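Each remark here refers to the structure printed beneath this line.
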Amino acid sequence: MSDESGRESADRNGGADEHVSIWMLPERPARGPRPTYSRGQITEAAVRIADAEGLDAASMRRIAAEIGTGAMSLYRYVPSRDDLIELMIDHVLGELDLPERPSGDWRADLTLLAERNRAMRLRHPWFSEADRARPSFGPNALRTVEFSAGTLDVGIPIDDILVLVGLVNGYVENSVRQELGWRDEQRRSGMSREKWMFRTSPYVRRLVESGEHPMFTRIVRDARQPHMGFDAAFRYGLERVLDCIEAALPDVPD
């Protein structure tokens, strides 16, 4: 195993017990040769590779080849793969381009946040894989927290704010996963969602005619959402999520 491969393997397994946040480290190495690249250039290269080839492809070796340097030299700027992923996550969160502060119309603000979050995730399909349970405290992540939590700062406990914002974020993530899943399926099999529905219709008809699945039958006969385009289905579902949030809020102007 090469030194570089071993380094990345150790990073994936957690590295050293003590860890200094990447946000506490200087952007450029303080010692050694004069810096040739910036942390931002490395991050941008990693995002380009992940967009085109998937998250696993964005290794230090691949990034180094992209920008024309040696892989080991990149560790002077980005100490570990976990740090790299955190930088990538924060970089694309900057694309949300949120207002400096909430407008006071919580429903409009959460709609804006959800739509921009969805658009960002669709541009960067690797994001859902990289987005981890432990929070990131990069500048763009913190701006997102301030805006999203601030939209519901209407006199309810902070724990309630976290849960309600989490409902919106969870809805967006699940919706995007389904849409990307259909994209991958069509790329793999050449079969669109509409074509799949057509091909399965004889079996679906048999299930309905059996009378053994009443709720499934209602979905087939009455539900509009499965037949909507992705954009319309997203908006429909988001409105229902926001309706649920409204029911949990005190009587304040929208």
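The values are calculated or read from the model by the stated rules, or taken from the named source; none is laboratory data. Please read these numbers as outputs of a predicted model, since none were measured by experiment. Methodologically, a virtual Cβ is constructed for each residue, glycine included, from the backbone with ideal geometry; neighbour enumeration extends over all protein chains shown.
Here are some notes:
- Residue match in the range 162-173 (condition: of a type in the set (Asp, Glu) and surrounded by 15 or more Cβ atoms within 10 Å (Cβ to Cβ)): yes
- Among the residues of the range 241-254, those identified as in a loop (DSSP other than H, G, I, E, B) and exposed (fewer than 14 other Cβ atoms within 10 Å of the Cβ) are PRO250, ASP251, VAL252, PRO253, ASP254.
- Any hit, the range 154-161, residues being among the acidic types (Asp, Glu), in the same structural domain as MET120 (by TED's automatic domain parsing), surrounded by 12 or more Cβ atoms within 10 Å (Cβ to Cβ) and at pLDDT 95 or above: yes
- Among the residues listed as ALA233, ALA223, ALA248, the single one being farther than 30 Å from GLY104 by Cβ and of a type in the set (Gly, Ala, Ser): ALA223
- Answer from PHE198, PHE147 - the residue that is surrounded by 14 or more Cβ atoms within 10 Å (Cβ to Cβ) and aromatic (Phe, Trp, Tyr): PHE147
- Residue ranges of helices (runs of 4 or more DSSP H) in the range 1-78 with at least 3 members at pLDDT 90 or above and in contact with a helix residue (DSSP H, G or I) (Cβ under 9 Å, 6 or more places away or on another chain): 39-53, 60-67
- The range 202-240, subset within 33 Å of the chain's Cα centre (by Cα) and not in a helix (DSSP H, G or I), residue surrounded by the most Cβ atoms within 10 Å (Cβ to Cβ): MET228
- Filtered residues of the range 82-100 (kept if of a type in the set (D, E, K, R) and either surrounded by 21 or more Cβ atoms within 10 Å (Cβ to Cβ) or modelled with pLDDT of 95 or more (or both)): ASP83, GLU86, ASP90, GLU95
- In the set ARG107, ARG121, only one residue is over 18 Å from the mean Cα position of the chain (by Cα) and either modelled with pLDDT under 95 or surrounded by 14 or more Cβ atoms within 10 Å (Cβ to Cβ) (or both); that residue is ARG107.
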